[in-house]
Structures are given as structure tokens and as C-alpha cells.
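A short write-up of the structure that comes next.
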């Protein structure tokens, strides 16, 4: 899954991995039932759309501002 | 206690000693420094409550002063929508961790650790002062939230990828 990342994925991976390792947790071994997986998948997609629409809105605001100034 | 007569000196000694009775567990009570059995409220060993997940303070101070000016246009981007998305992402991270980790204490600790590391500047202060000006356009935006939202989304996706959900 690709994201319009502002932060390097390596940084985020290290952050998550080190935190999980500190508490002795390995998420690869976790089993979640298919219903919950589907719910989480929908939740993440919905939040991703929200963030993208906010970014788009900010971008449009900036463009409008530039046009006004020109 | 009787009033001292002229020339008489009164000495008052206040003695305090640490209490050893274990009263802290008997329900909510004010924390006492003298009670050895009470953990300090700021002590790291005291577990934070469930509400701490949502207790990140969000402050945004904006002050725009226009004085002796004309043709001034001010537009301030509404950051409420961005704050809502940020809180939703924080809740989602906490939720996914609590679903995937059976031990609630460990799940809480991991969520708190992540929130502590992701905590960027949550206070945004903007002050604009315009005096004796004409034809000025001002647009103010809280960029801190936009940056934090992007990072939170990436962390959520990273966790979900490890759970083999996406």
C-alpha cells in the first residue's frame, strides 16, 4: 500500500518495531478473525481518504492564495 | 492551650511521621506525601487510566489585530476538521493495538509509548498585527496538525501491515 508519505517509511517502521520489541510483542504471530480484519481495513481506508481530502483542501487553498496574489 | 504569661516562652513542636497504614487502596483519596504506601501521581509506575489515550492537549491561539488600515482581507483556515481526523487516527491506533494484543496493560503501554514519541508541538500560536496598511491579504493555517496527521496515518498503516490486514 503506497502513501503520500512526508516521513520516510524506514523511520516509521523503526518507530513501530522498536516500540513493539521493547514490550516483547510480535504482531506477526497475532491472529485476528476475518470480521475484525474487514472492519479495521475499512477504518484505515476511511481515515486515509479523510487525510487525503484534507491535504487536497490545503493544496487548493494554497493555489487560490497564489492566484489571488498574482 | 492557655495564653503565655509575660516573659514566658512557648515552644511548639510539630512532629510528623510517615504513615504505614495502607489506606491508598481504600478508594479515591487525596495523595499524601507522608504515606509510604501511596505512589506519587507523577511516578512512572502508576498506570494511567484508559482516558489518557485521548487526553492530548490541543491548543491553537490566533490573534489578528488590524488598526488604522483599509482593504484588509483575512481568511483563517478552519482546523477543526483536521483536529477531528487527528483524534480519529489516535483512537484507531489505540483500537488496533488493543484488538491485536490480548494483555490490556501491554496494549496500554504500547499505545502510550507511541503517543509519547509521536507527540509533536501541540500548541499553535499565531499573532498578526497590521497597522496603517492598505490592500493586505492574510491567510493563516495551522500546519502542525497537518504534519502530525500524516505521521499518525503512516504509523497506523505500519501497524496494520504487520497484522497482515492490508
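Derivation of every value follows stated rules applied to the coordinates shown; laboratory data play no part. None of these values were measured; they are calculated from a predicted model. Heads up, the Cβs are rebuilt from the backbone with ideal geometry, glycines too, and the neighbour counts pull from every protein chain shown.
Here the calculated FRET efficiency for residue B:112 and residue B:63, from their Cβ-Cβ distance with R0 = 35 Å, stands at 0.55, rounded to the nearest 0.05. Listing A:23, B:40 from fewest to most neighbouring C-beta atoms within 10 Å gives B:40, A:23.
Going from the fewest other Cβ atoms within 10 Å to the most, the residues B:34, B:161, B:153 appear in the order B:34, B:161, B:153. Helix A:9-22 and the long axis of chain A differ in direction by around 30°, with both axes built from C-alpha atoms. May I ask you to derive the FRET efficiency for residue B:75 and residue A:46 from their Cβ-Cβ distance with R0 = 30 Å, giving the value to the nearest 0.05? Efficiency at R0 = 30 Å is approximately 0.55. In chain A, the longest principal axis of the Cα atoms and the axis of helix A:34-69 are about 20 degrees apart.
Counting neighbouring Cβ atoms within 10 Å and putting the fewest first, the residues A:41, B:134, B:162 line up as B:134, A:41, B:162.
Mean residue ellipticity, 222 nm, helices only, chain A: the sum of -39500 (n - 2.57) across DSSP H runs of n ≥ 4, divided by residue count and rounded to 500, is -25500 deg cm²/dmol. Looking at segment A:9-69, I'd like the Rg to Rh ratio, where Rg is from alpha-carbon atoms and Rh is Kirkwood's inverse mean 1/r. Rg/Rh for segment A:9-69 comes to 1.23.
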